[in-house]
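A.B. asks: Below is a structure I'd like to ask you about.
We did not get these values from a lab; they are worked out from the coordinates using the rules stated. Everything numeric in this text was worked out from a predicted model, so none of it was measured. Neighbour counts are summed over all protein chains in view; Cβ atoms, including those assigned to glycine, are modelled from backbone coordinates with ideal geometry.
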Amino acid sequence: MFGFGIIGCGMIAKFHAKAIADVRGAKLVACFDQIPAAADKLAEVTGCKAYHKLDDLLADPAIHVVTIGTPSGAHLEPAVAAARAGKHVIVEKPLEITLCRCDQIIEACQKSGVVLSTIFPSRFHDSSQELKRAVDGRRFGRLTLGDAYVKWYRSQAYYDSGAWRGTWELDGGGALMNQAIHSVDMLTWLMGPVVEVRAKMALVAHERIAVEDVALATVEFASGALGVIEASTAVYPGYLKRIEIHGNEGSAVLEEEDLIKWDFEKTKPCDEAILTAMSNRKSGGGGAADPAAIGYHAHAKQFRNVVQAIKKGIAPSIDGPEGRRSVEIILAIYKSAETGKAVKLPLAGDPLLKARKIGRA
């Protein structure tokens with residue numbers, strides 16, 4: 001039995017708790033939040049123990065794995081503390097909001113010999129796995145275009161609900177870093193490394209935030225393929241996120257969990273069955289208009305993957321460096337938008353967050 005502890009008892013903690021309960025051989029033992037009442041509330045709902053001091057949770061020998069759901073720019077400290085305490089670490093996206101902070105988490109986990117995983121549940125959907133197999137099987141021929149569209153809606157009340165929301169210091173960015181990072185991860189997982197970006201972004205519709213609510217980037221992949229990333233939290237009523245993969249021998253479109261296009265020059269007998277099986281798989285609204293309108297089933301699949309990695313002594317499917325990759329792409333997009341110039345990857349250091357200002361359109 002693997003004992004789990006949850007650090008950070010906000011909205012996402014409820015999904016972590018449900019996912020843990022769905023993993024055979026896993027049990028939620030305890031939780032902690034800097035606001036004691038938040039930990040008490042989650043403990044009451046889940047039946048776990050609430051700790052009011054992080055050190056006390058990390059000293060609990062019944063806890064083997066911790067999941068971290070604190071604000072994005074506050075992942076580093078509990079992650080490093082957990083690693084030093086010998087606990088395996090699962091961190092909600094993004095891994096952290098700067099490359100330096102990502103690297104400190106990765107280094108701490110490597111030094112302590114514990115497993116580190118970054119949560120990107122979209123990779124674990126059956127349809128996503130089917131799409132990845134088609135890419136790896138070269139069914140698209142030469143990849144030509146890879147696009148990610150995240151046209152979501154967040155009300156002003158959403159940003160006003162927490163002082164950390166919409167800030168560079170704790171949110172790490174806006175529509176890209178907080179919402180579209182799932183799709184950025186999916187895109188680079190399918191299309192391969194990004195080598196250059198050109199971008200523009202703006203704050204168009206929201207008040208009292210410092211980050212972007214609209215962003216557009218063109219990307220160049222190492223393969224020579226090109227692509228587009230569009231992200232917004234200012235598109236009413238909010239639409240399901242979409243990934244499009246195109247090549248000179250095939251195309252596929254993934255809308256949330258649905259494969260809505262599956263067209264190949266060289267067809268296979270299984271294609272019709274795949275398209276039929278991978279359609280009508282939507283889970284709620286996918287977070288398009290309501291951040292709570294998501295399922296926990298893909299989180300559970302990722303937690304199972306982490307548990308198996310721990311048992312086998314191997315890296316999980318999405319480890320620290322994998323989690324770092326999408327952060328680097330987004331930071332490059334921010335740098336390009338700020339400077340008005342193309343930015344090549346890998347980045348040499350972190351862009352200065354405090355110096356960044358988003359123009360109001």
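A.B. asks: About the Cα centre of region 158-281, what is the dipole size in debye to 20, counting +1 per Lys and Arg Cβ and -1 per Asp and Glu Cβ, all else neutral?
C.D. replies: So the magnitude is around 60 debye.
A.B. asks: By a straight-distance test (C-alpha under 13 Å), which aspartates and glutamates pair with Lys111 as possible cross-link partners, with residues fewer than eight away in the same chain excluded?
C.D. replies: Within reach: Asp103.
A.B. asks: Given axes a ≥ b ≥ c from the Cα gyration tensor, I'd like to know whether region 1-155 is rounded (a/c under 1.5), prolate (a/b larger than b/c) or oblate. Let's see the in-between values first.
C.D. replies: Working: a/c = 1.85, a/b = 1.70, b/c = 1.09.
Because a/c hits 1.5 or more and a/b exceeds b/c, region 1-155 counts as prolate.
A.B. asks: Would you calculate a helix-derived [θ] at 222 nm for the chain, using -39,500 (n - 2.57) for each DSSP H run of n ≥ 4 and dividing by the full residue count, to the nearest 500? Intermediate results must be reported in sequence, preceding the final value.
C.D. replies: Working: 11 runs with 120 residues, N = 361.
One gets -10000 deg cm²/dmol as the mean residue ellipticity at 222 nm.
A.B. asks: Find how many whole Å separate the alpha carbon centroid of region 81-98 from the alpha carbon centroid of region 1-48.
C.D. replies: The distance from the Cα centre of region 1-48 to that of region 81-98 comes to 16 Å.
A.B. asks: Ranked highest first by average number of other Cβ atoms within 10 Å, how do 175-183, 129-137, 264-272, 316-324 line up?
C.D. replies: 175-183, 316-324, 129-137, 264-272
A.B. asks: Which peptide among 71-84, 12-25, 153-166 comes first, and what is the full order, when sorted by highest mean count of other Cβ atoms within 10 Å? Let's see the in-between values first.
C.D. replies: Numbers: 71-84: 22.0, 12-25: 19.7, 153-166: 16.0.
Peptide ranking by packing, descending: 71-84, 12-25, 153-166.
A.B. asks: A further question follows. Tell me, what is the percent relative contact order of the chain, built from C-alpha pairs under 8 Å that lie six or more residues apart?
C.D. replies: It comes to 20 percent, rounded to a whole number.
A.B. asks: Also, quick follow-up: Is region 159-291 rounded, prolate or oblate when judged by the Cα gyration tensor, a ≥ b ≥ c being the square roots of its eigenvalues, rounded requiring a/c under 1.5 and prolate requiring a/b larger than b/c?
C.D. replies: Because a/c hits 1.5 or more and a/b fails to exceed b/c, region 159-291 counts as oblate.
A.B. asks: Here's another thing I want to ask about it. Label region 205-258 by shape, choosing from rounded, prolate and oblate, from the square roots a ≥ b ≥ c of the eigenvalues of the Cα gyration tensor; if a/c is under 1.5 it is rounded, and otherwise prolate applies when a/b is larger than b/c, oblate when it is not.
C.D. replies: oblate
A.B. asks: Ranked from highest to lowest mean number of other Cβ atoms within 10 Å per residue, what is the order of the peptides 51-62, 223-234?
C.D. replies: 223-234, 51-62
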